[in-house]
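A.B. asks: Let me begin by handing over the structure; questions about it come next.
What follows draws every value from the coordinates through simple rules; no lab data is involved. Being a predicted model, the structure only gives us computed values, none of them experimental. Virtual Cβ from ideal backbone geometry, glycine too; neighbours counted across all protein chains shown.
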Amino acid sequence: MRCLRFGLLIFLLFGVSAWAQQPTASQQATSTQPASDPQAVAVVQAAITALGGATAISQAQNWTFQAQLQGPHANGNVSYSMSTKTDTGQLALANGTTNQAPLIQSHFLPALVGAILVKESQDPDFAILTGGSSTLDSVPVNIIVFAIGPQSIPAQIWYFNSSGLPVLVDFKLPAEIGARRSFPNVVSLSDYRSVSGVLYPHEIVSLVPGKPRELVTIQFVTPGATAATNNFTGQAGDLR
């Protein structure tokens, strides 16, 4: 089991000082967008290839996990499912009416790094920019920024190792798949394993400075080809 050192994560949270600002709603809505950096796009495409390729990644429409969680949001063994279906369902209000439910915040969504990269690499709202290089535990990494708006405000900062695999992601703006989104945290990803030709990280560590970590250790993941209803799973740490 491999976990990144807490001090190193704090350094990486604040080390890219030019991109430390959290995007606002008005900035996210701006339509003018700078062009992506071809070198950065090439790094992302290489990562998608390393993770199994866009075709294989896109074949999965639902995923079922068996995992163990440790942390402030959830503990113990869980069975967890999610899919690309975007219907979030309805919430009953106190006045007797219903409203569209918000997206479900999920600790499992970062396991779908391949699907996230395929989706976001095709999203015109993102500019993909080069953030330079650094090291993680003495291992060289490439830094790629998914930015939004004319000022190139960083939405997400990704760290890729020499094999092209994401090892750390700062989700300043959460990623979304189906009716779920990631927590706006820094997460480390490790223990990649191939399932149906696609690599999935089997250890996910969510960290916020000064707060306890949430550790997700995946034992099994089973992808499927049909999108299914996304159910809220409180015992796995889901939040709305």
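A.B. asks: Measuring from centroid to centroid over Cα atoms, what is the spacing of segment 47-81 and segment 206-230 in Å?
C.D. replies: Value for the Cα centre distance between the two parts: 6 Å.
A.B. asks: Shifting gears a bit: Between Asn77 and Ala94, what is the label-to-label distance in nm when each label sits 7 Å out along the Cα-to-Cβ direction?
C.D. replies: 4.1
A.B. asks: Under a Cβ-only charge scheme (Lys and Arg +1, Asp and Glu -1), can you give me the dipole magnitude of segment 26-232 about the Cα centre, in debye to the nearest 20?
C.D. replies: Using Cβ point charges on Lys, Arg, Asp and Glu, segment 26-232 gives about 280 debye.
A.B. asks: Could I ask something else about it? Going Cα to Cα from Lys85, which lysines come in below 25 Å? Please leave out same-chain ones fewer than 8 positions away.
C.D. replies: In chain and number order, the partners are Lys119, Lys172.
A.B. asks: Give me a comma-separated list of calculated 3J(HN,Hα) values for segment 126-135, in order, Karplus coefficients 6.51, -1.76, 1.60 applied at θ = phi - 60°, integers in Hz, x for any Gly or Pro.
C.D. replies: Going residue by residue, I get 9, 9, 9, 10, 7, x, x, 9, 7, 9 Hz, with x marking Gly and Pro.
A.B. asks: At 7 Å along the Cα-to-beta-carbon direction for both Ser58 and Phe232, put a label point, then send me their distance in nm to one decimal.
C.D. replies: Each label point lies 7 Å from its Cα, and together they span 3.3 nm.
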